[in-house]
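Single-structure report; data block below.
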Amino acid sequence: MKLIRTKREKLVFEISLPEKRLLCEVLKLYPLISATHHRLSKTARPAKHDENQRLLEESLAAQREENRKNVRAMLDKPGHFQTTASGCQLALSGPEIEWLLQVLNDVRVGSWIALGSPDPEQGKKIVFNEKILPRFRMMELAGAFEMVFLDALSGRTPVE
């Protein structure tokens, strides 16, 4: 997948059919992080902590539902991926890339959590087996797609 041009406030990416299949596979996993995973505080218990935590979870649920609708629209909308001789093209606006980054990050971090939050510096390594490999694969794919979009937004990727 690569950025090929900017067209009317949209970034146009060339994506092969296997890459499109993998992107769709990753996006269909959304959401992976539960709303209860996010905590206002790990230590303090202010007087309104429970109410504030509930508000945070409601807000995250609303954002998650909006992202889920955007993902479904992207995957279901005919013509969103324009077929070309080499695969297809995907045109995304800045805001579309922003929510797509949120979705991909949720899948990446959610996969990392499901893998036991590995951290080699703290001695928490991944023990690979047949059960772990699909989750690890999705974590890495989500990260790779994130990098393509982040590089495109930052201007670090030259337009071909």
Partners for Lys10 among lysines (Cα-Cα distance below 25 Å; same-chain residues under 8 apart left out): Lys2, Lys20, Lys28, Lys69, Lys77
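Add -39500 (n - 2.57) for each DSSP H run of 4 or more in the chain, then divide by its residues: what number comes out at 222 nm, to the nearest 500 deg cm²/dmol? The partial results should precede the final answer.
Working: 4 runs with 83 residues, N = 160.
Estimated from H runs of four or more residues: -18000 deg cm²/dmol.
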Relative contact order, percent, the chain [alpha-carbon distance under 8 Å, six or more residues apart]: 34
Full-stretch length increase - Arg156, Glu121 - with 0.36 nm per residue and alpha-carbon distance subtracted: 9.6 nm
q = 0.13 Å⁻¹, the chain: log10 I(q)/I(0) [Debye, one scatterer per Cα]: -0.73
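Using a 1.4 angstrom probe on heavy atoms only, work out the carbon and sulfur share of the accessible area of segment 76-134 in %. Could the numbers behind the result be given before it?
Details: 1940 of 3570 Å².
On segment 76-134, the fraction of accessible area on carbon and sulfur atoms equals 54 percent.
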Of Lys48, Lys77, Lys124, the one that fluctuates the most in a GNM where the chain has Cα springs shorter than 10 Å: Lys48
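The values are calculated or read from the model by the stated rules, or taken from the named source; none is laboratory data. The shown structure was predicted, so the numbers you read here are calculated from the model rather than taken from an experiment. Side chains are part of the model used for accessible areas, which takes the heavy atoms of the whole protein and leaves out ligands, DNA and RNA. Shrake-Rupley method; radii C 1.70, N 1.55, O 1.52, S 1.80 Å.
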